[in-house]
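Notes for the one structure printed next.
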Amino acid sequence: MIVALFDLDGTLYTGHMGYAIMRYHRLHGTHRFYFYAFIFANMVTWPIWRLGLASEATMRDLWLRNMALTVRGWTPQEATKAFSWMAKEYAAPLVRAEILARVRDHEGRGHRTILVSGTFAPLLAEIARQWRIAETVGTPLVMGKGRYTGSCEPPVCQGQGKWARVRAYLGDDEIDWNESYAYADSHADLPLLEKVGHPVAVYPDAQLAAHAQQHGWEIIRDEEPMAASVLAE
């Protein structure tokens with residue numbers, strides 16, 4: 001079996017889910033105390049990274065775990081409404097038409113196509129539902145007494161944790177990794193990209209671009225005009 005793994009932020013669309021959450025809170029937010037707690041937590045930890053006291057990987061992990069605070073206290077019903085809005089109103093207009101076309105191409109070739117992202121698992125599932133992508137691997141949120149607790153289940157789905165979650169999700173399925181594909185934009189995704197025979201750097205950051213060039217990977221830089229209409233094709 002061949003798999004095609006697609007990152008979300010910066011790869012399948014040009015935005016970032018952190019901004020989607022911020023925009024939703026600004027327009028419709030409930031339980032905003034915890035949203036501001038997330039902002040404060042980042043303000044406190046940012047100087048630690050700038051001073052070189054923590055690695056970028058550590059700060060990415062901490063930032064994503066703290067982001068779970070933004071949905072603390074939400075019921076599943078509140079979350080469904082919010083995640084649907086984020087997928088439709090924020091993410092869809094920013095889709096990379098060329099990369100979504102790659103998704104459809106892999107599906108047409110019978111490849112098992114999976115959206116893999118550090119994004120909250122239920123939010124990722126809603127995006128995949130609207131974009132007609134069958135499978136997702138994201139960062140699960142913790143529930144307690146019928147509400148989100150403000151925590152997520154480790155490991156968060158990025159860096160080494162992204163590869164760990166993909167392997168756990170696929171389990172004992174027989175995957176031909178040498179013939180499989182992975183698409184991502186960040187050097188943080190190297191643990192995933194390096195596991196497949198066909199890694200693709202999509203509008204890569206400087207570190208990923210250098211690595212991709214050194215190893216002869218495909219690099220996508222020129223894209224067709226973004227068009228949300230591709231979602232309906």
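What follows is calculated from the coordinates using simple rules that are stated; it is not laboratory data. This structure is a prediction, so every number in the text was calculated from the model and none was measured. No Cβ is skipped: glycine too gets one built from the backbone with ideal geometry, and neighbour counts run over all protein chains shown.
A few comments on the model shown:
- Partner lysines for LYS81 [C-alpha distance under 27 Å; skip if fewer than 8 residues away on the same chain]: LYS145, LYS162
- Here the ratio of the Cα radius of gyration of segment 75-114 to 2.2 N^0.38 Å is 1.55.
- Kirkwood-based shape ratio for segment 77-161, expressed as Rg/Rh from alpha carbons: 1.01
- For segment 124-211: rounded, prolate or oblate by the Cα gyration tensor [a/c cutoff 1.5]: prolate
- Taking only Cα atoms of segment 80-233, radius of gyration then Dmax in Å: 16.0, 51
- Sparse-neighbourhood loop sites, trypsin sites (Lys or Arg not before Pro) in segment 127-204 - DSSP loop, at most 11 other Cβ within 10 angstrom: LYS145
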